[in-house]
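What follows is one structure encoded as structure tokens, with my remarks underneath.
Here, each number is a calculation from the coordinates, and none is a lab measurement. Predicted model, so just to flag it, every value in this text is computed and none were measured. A quick note on method: Cβ atoms are made from the backbone with ideal geometry, for glycine too, and the neighbour counts reach across all protein chains shown.
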């Protein structure tokens with residue numbers, strides 16, 4: 001499916017399970033949206049305290065480190081509106097509480113487009129299907145439809161917080177097994193790498209990080225029919241009307 005033209009998009013909400021998820025999956029694309037003048041908001045569901053076992057940082061200190069790293073990664077591509085829901089890493093479930101928290105963020109930021117993780121397991125690339133990713137994706141989709149647009153869903157958000165119902169026009173899914181939209185990020189790949197290097201607790205132990213990420217992107221570009229040597233990020237587009 002062809003997405004809505006970026007020229008018609010004013011705001012995008014990006015929802016992920018962990019700090020660094022959006023930078024691995026979509027930061028080259030997000031950097032292009034920022035350059036086009038689109039307002040970007042990030043929401044991270046967990047505190048990330050189960051990541052970075054190679055870093056030598058304690059589990060207790062990890063949430064502070066990862067939030068600091070994510071803010072630096074966002075700054076590298078021009079994103080400063082960043083919210084952490086602080087659910088426990090590794091324990092995320094698509095509960096009503098999480099769904100409500102995401103509805104709140106949708107109504108707060110009023111996005112035309114939402115970018116989130118696929119709620120479907122990717123058997124071709126199991127790393128994309130961390131249980132937290134699946135839960136974040138499922139709760140995000142449930143929040144888009146039917147809750148965020150429905151005044152009778154989570155009525156206290158409207159009555160007590162004055163958060164009006166909001167209809168998201170389309171959703172982009174990361175990590176989907178059969179993506180149908182490919183974004184050429186060759187010109188923003190250096191910004192993607194700046195963002196990823198900001199996550200030092202997660203990436204500094206890998207001397208081949210750039211080679212690995214470049215190869216992923218070139219594989220996406222090949223699947224998407226882009227010229228050899230180009231780098232791409234891959235998505236599934238969902239129209240929510």
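Using a Gaussian network model of the chain with C-alpha springs under 10 Å, which one of 37, 56, 175 is most mobile by mean-square fluctuation?
The residue that fluctuates most here is 56.
For the residues 129, 204, what sequence is obtained by ranking on other C-beta atoms within 10 Å, fewest first?
204, 129
Could you list 15, 102, 126 in order of exposure, starting from the residue whose Cβ has the fewest other Cβ atoms within 10 Å?
So the residues, fewest neighbours to most, are 126, 102, 15.
Just rank 116, 45, fewest to most, by other beta-carbon atoms within 10 angstrom.
45, 116
Whole angstrom only: what separates the Cα centroid of the range 167-199 from the Cα centroid of the range 1-49?
Value for the Cα centre distance between the two parts: 8 Å.
For volume of the Cα convex hull per residue in Å³, one of (i) 155; (ii) 220; (iii) 116 was computed from the structure I shared and the rest are decoys. Which label?
Read-out taken from this structure: (iii).
Taking 41 Å as R0, compute the FRET efficiency from the Cβ-Cβ separation of residue 158 and residue 190 and round it to 0.05.
Step by step, r from the Cβ atoms, then E = 0.40.
What 222 nm value per residue comes from the helices of the chain, counting each DSSP H run with n ≥ 4 as -39,500 (n - 2.57) and dividing by all residues, nearest 500 deg cm²/dmol?
Roughly -11500 deg cm²/dmol at 222 nm, from the helical runs in the chain.
Between the range 212-232 and the range 94-152, what is the C-alpha centre distance in whole Å?
If you average the Cα positions of each part, the centres end up 27 Å apart.
State the antiparallel share, in %, of DSSP beta bridges confined to the range 6-239, rounding to the nearest 5.
Within the range 6-239, antiparallel bridges account for around 30 percent of the total.
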